[in-house]
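A.B. asks: Sharing a structure here in structure tokens format.
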Amino acid sequence: MRKKSLTKTMNPSVLFLINYAVPIIFIILIAFAIPLSGLSGLYFIRELMIRLSRNSFLILALLIPVMAGMGMNFSIVLGAMAGEIGLIFITDWQIVGISGMLLAILISTPIAVLLGYFAGIVLNRAKGREMVTGFMLAFFMNGIYQLFVLFGMGNIIPISNSSILLPRGYGIRNTINLLGIRQVLDKLIPLKIGDILIPVATFLVIATLCVFITWFRKTKLGQDMRTVGQDNEVARVSGINVENTRVLSIVISTVLACYGQILFLQNIGTMNTYQSHEQVGVFAIAALLVGGASVAKANIPNVFIGVILFHTMFVVAPRAGKALMGQAQLGEYFRVFVSYGVIAFSLALYAWRKRVEKENERKKIMNYRKSILAK
Amino acid sequence: MKKKIQNIIENFGLPRIIIFLFLVLLFILTPFVGIRFDTSINDIIVRFGMNGILVLSLIPMVKTGCGLNFGLQLGIIAGILGAVISIEMEMIGFTGFFTAIGIAIFFAVIFGFLYGLLLNKVKGDEMVVATYVGFSSVSFMSIMWLMLPFKSPNMIWAYGGSGLRTTINTKGYWFHVLTDFLKIKIGNYIFFPSGTILFFAFLTFLVWAFFKTKIGTAMIVVGSNTDYANSCGINVDKMRSISVILSTVIAAIGIIVYQESFGFIQLYTAPLFMAFPAVAALLLGGATVGKASIKNVIIGVFLFQSILTMTPSVVSNIIKSDMSETIRIILSNGMIVYALTRITRVRT
């Protein structure tokens, strides 16, 4: 009976609570944490503005694979790696300013396309397990990236600027200073309201991407992807090349993630060569889920609600932890726990509902058969 | 002849052959780069004993079709809890070791039960949910390690800090109790950790014997065909729960043996990625997502640990830099990706 209650006999308000459990829990948590942290409103708005401009693009990159029914694309980490390779090269050649950033984009796009294509093929071979495979693939490619950057660069791939190389003569240093392109996009169109700098150009880029995604949904390819997302077999019967469509969705997502990571790093201004990309997938996915998205459904509002809620938590958790227990470390652990916990919770909830729905459908068919036999 | 070779490759899997050949190459290279062959062998045996049980713990869940246990960290946490509580109680030697295991089993049964309930709700998506359950439980316990009221001066931060240290030494408690039990020394460079190996063999035997009992057989039926199991009157959910509890309990024991041999209890974020090497070792031994046996465990741990032992010493001697971490990442995660893309069973 309990299983049934999850989809059928439940009243709408309880259903709403279950559907949006994650955002609701988050709002309650934040409501408690903000007063505890004792942060001023102005500081808070400034932080949020920075994080909104920094992270939205990466999270938007997740939307298209969800459309194609491939769930949360954990392999956006591959795109982030491509972006970082582009940044390493422009730092090496010392090309600064907006032209440096554009060049980085130019260099990393083909790499991202290639990696996305590879990821798409791998994920096609693991249908029904895209998420866990994508996740492991990100780990695996991290090793390849290390091989390439830590051992290949300055060795096989010429790097002329010795200041970004390790003292031993090859391999890139752990941190790279991106002084040349630091906040070039954020400050391209200067606008200051009071004390708060508003990165107009970055927001314009993000807005363009939103428009692109909205437009993309309506194109032939976008429609195909949605059909594939609904049902592989139906899509195949109606003449859509399912495998290709899935690969394409991952390629687009990877390329967008690559741009997103470049955007992210130009805002921060330094790059952790071997760590910057590692958590990209987890944080982006957690934020999207906090915004009320599920594995099967995600839209643009989810992205922005997610960034605001999730990053508010990021800003206040260490302070609140310190106020509550006298240890900032506690807040640090807490926010990691929340990121992982949100993903675990959402995935479990989704999987549970999927199974219940399937079982109900099966029961319906069985009842139908019985009724026919009875006649 | 050509077909035969193709058959062998098909059965054995291309990555496994490559890794095996790579290992052979490493062994051949040892004398040329000035590394003692016997110490390498010794390292491999010791590491085998250290990691064997953790890999063994994956078996029950694979057998009932719950997939690879990426939530192994739950068992590890239960094991750590047992270990730190036994140290808090000032238990020394074998008493301490077995107290730790006893407490760990207690926690593992509770965790495993809850974990099993969850996994039964998410059939078909166990692995991805398990991964994140493992991650979030490790980060949750990071908070707990800071807050739990442990008092032993050997475990808490020395100067006014609160909470447990990131690594706790097991020396003076139950360090090497198992390793030194019936230790056999061969020459100056090799010793055989009989205790650890015997303990591993004992647990392996128990698992093997368990799958010969009525419940064990029922579990295998659940794993091979759920519908058939249902029509046989087997309670599928119950069997899966038992397998999850069993996996968690063995993992808890496994991490204590690991700590006993390694000498340190690692807390906070250290257990975060411990599931992946174990899973990779099992896959390397020839297991798939839906099928695994004791044989896979033994071959897998041996191959995986050999690579991990040999690569750093040999490779870093050749190219004068340490590539072992990178190779480990590529190897273990590549193995898992390979296995995930080769699922032949189609779930509807």
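A short reminder: the numbers here are calculations on the coordinates, not readings from a lab. In this text the structure is predicted, and so the values were computed from the model without any measurement. Note that each Cβ is placed from the backbone with ideal geometry, even for glycine, and that neighbours are counted across all protein chains shown.
A.B. asks: Where the only charges are on Cβ atoms (+1 Lys, Arg; -1 Asp, Glu), what is the dipole of the protein assembly as shown about its Cα centre, to the nearest 20 debye?
C.D. replies: 2240 debye
A.B. asks: Sort A:286-293, A:218-225 by packing, meaning the average of other beta carbons within 10 Å per residue, with the highest value first.
C.D. replies: My ranking of the peptides, most packed first, is A:286-293, A:218-225.
A.B. asks: Something else now. Quick check on the protein assembly as shown: helices-only [θ] at 222 nm, where DSSP H runs of length 4 and up contribute -39,500 (n - 2.57) each and the sum goes over total residues. Nearest 500, please.
C.D. replies: So the helix-based figure for the protein assembly as shown works out to -23000 deg cm²/dmol.
A.B. asks: Listing B:MET89, B:MET127 from the residue with the fewest other Cβ atoms within 10 Å to the one with the most, what is the order?
C.D. replies: B:MET89, B:MET127
A.B. asks: Here's another thing I want to ask about it. In debye, nearest 20: dipole of the range B:1-59 around its Cα centre with unit charges on the Cβ of K, R (+) and D, E (-)?
C.D. replies: Magnitude of the dipole: close to 300 debye.
A.B. asks: Using θ = phi - 60° and the Karplus relation 6.51 cos²θ - 1.76 cosθ + 1.60, list the HN-Hα couplings for the range A:171-185 in order, rounded to whole Hz, with x at every Gly or Pro.
C.D. replies: x, 8, 4, 5, 10, 10, 7, 9, 4, x, 10, 4, 6, 5, 6
A.B. asks: Further question on the same structure: What's the ranking of B:191-197, B:280-286, A:189-195, A:352-358 by average number of surrounding C-beta atoms within 10 Å, highest first?
C.D. replies: The most tightly packed comes first, giving B:280-286, B:191-197, A:352-358, A:189-195.
A.B. asks: Let me ask you something else. Would you list the membrane-span-like helices of chain B, meaning whole DSSP H runs whose alpha-carbon atoms span at least 20 Å along their axis and whose mean Kyte-Doolittle value is at least 0.0?
C.D. replies: For chain B, where a helix must reach 20 Å along its axis and average at least 0.0, the hits are B:14-29, B:37-56, B:73-88, B:93-121, B:126-147, B:194-210, B:236-262, B:294-319, B:324-340.
A.B. asks: Exactly which trypsin sites (Lys or Arg not before Pro) in the range B:148-227 are in a DSSP loop and have at most 15 other Cβ atoms within 10 Å?
C.D. replies: Here the trypsin sites (Lys or Arg not before Pro) that fit, given the DSSP loop and packing criteria, are B:LYS151, B:LYS171, B:LYS183, B:LYS212.
A.B. asks: Shifting gears a bit: Only Cα pairs within less than 10 Å get springs; with that Gaussian network setup on chain B, which residue of B:PHE205, B:PHE70, B:PHE175 has the largest fluctuation?
C.D. replies: Of B:PHE205, B:PHE70, B:PHE175, the Gaussian network model singles out B:PHE205 as fluctuating most.
A.B. asks: If you average 1/r over all unlike Cα pairs in chain B and invert the result, what Kirkwood radius do you get in angstrom? Mind showing how you got there, number by number?
C.D. replies: Working: mean 1/r = 0.0473 Å⁻¹.
Here the Kirkwood hydrodynamic radius works out to 21.1 Å.
A.B. asks: Something else about it: For a quick protection proxy, order the peptides A:123-130, A:278-285 by their average other-Cβ count within 10 Å, most packed first. Working shown, then result.
C.D. replies: Working: A:123-130: 20.8, A:278-285: 22.5.
In decreasing order of mean packing, A:123-130, A:278-285 become A:278-285, A:123-130.
A.B. asks: Mind checking A:346-357 for the average number of partner chain beta-carbons within 10 Å of each residue's beta-carbon?
C.D. replies: For this peptide, the per-residue mean of nearby foreign Cβ atoms is 5.
A.B. asks: To continue, here is another question. If you take each beta carbon of peptide A:328-338 and count the beta carbons of other chains within 10 angstrom, what is the mean?
C.D. replies: Per-residue shielding by partner chains comes out at 5.
A.B. asks: What lysines does A:LYS322 reach when the alpha-carbon gap must be under 23 Å and sequence neighbours fewer than 8 apart in one chain are set aside?
C.D. replies: Answer for A:LYS322, where 23 Å is the Cα cut-off: B:LYS151, listed by chain and number.
A.B. asks: Would you list B:ILE299, A:ILE88 from fewest to most Cβ contacts within 10 Å?
C.D. replies: On the way: B:ILE299 19, A:ILE88 24.
So the ranking, lowest neighbour count to highest, is B:ILE299, A:ILE88.
A.B. asks: Positive end of the dipole of the range A:2-374, charges at C-beta (+1 Lys, Arg; -1 Asp, Glu), about the Cα centre: which of A:ILE30, A:MET153, A:ASN360 has its Cα farthest in that direction?
C.D. replies: Among A:ILE30, A:MET153, A:ASN360, the one farthest towards the positive end of the dipole of the range A:2-374 is A:ASN360.
A.B. asks: What fraction of the DSSP beta bridges in the protein assembly as shown is antiparallel, stated in percent and rounded to the nearest 5?
C.D. replies: Of those bridges, close to 95 percent are antiparallel.
A.B. asks: With everything on Cα atoms, drop me the angle between helix A:280-290 and the longest principal axis of chain A, reported from 0 to 90° to the nearest 10.
C.D. replies: Value to nearest ten degrees: 40.
A.B. asks: Right, here's the next one. Going by how many other beta carbons lie within 10 Å of each one, how would you line up A:CYS210, B:CYS66, A:CYS258, B:CYS232, fewest first?
C.D. replies: Sorted ascending by nearby Cβ count, the order is B:CYS232, A:CYS210, B:CYS66, A:CYS258.
A.B. asks: Along the range A:195-210, what does the Karplus equation 6.51 cos²θ - 1.76 cosθ + 1.60 (θ = phi - 60°) give for ³J(HN,Hα), rounded to whole Hz, x for Gly and Pro?
C.D. replies: The phi angles translate into 9, 9, 7, 9, x, 4, 4, 4, 5, 4, 4, 5, 4, 4, 5, 4 Hz.
A.B. asks: Over the whole of B:232-241, what's the average partner chain Cβ count within 10 Å per residue? Rounded to a whole number, please.
C.D. replies: Details: counts 0, 0, 0, 0, 0, 0, 0, 0, 0, 0.
For peptide B:232-241, the averaged partner shielding equals 0.
A.B. asks: Rounding to the nearest 20 debye, state how big the charge dipole of the range B:134-227 is about its Cα centre with +1 on each Lys and Arg Cβ and -1 on each Asp and Glu Cβ.
C.D. replies: It works out to roughly 260 debye.
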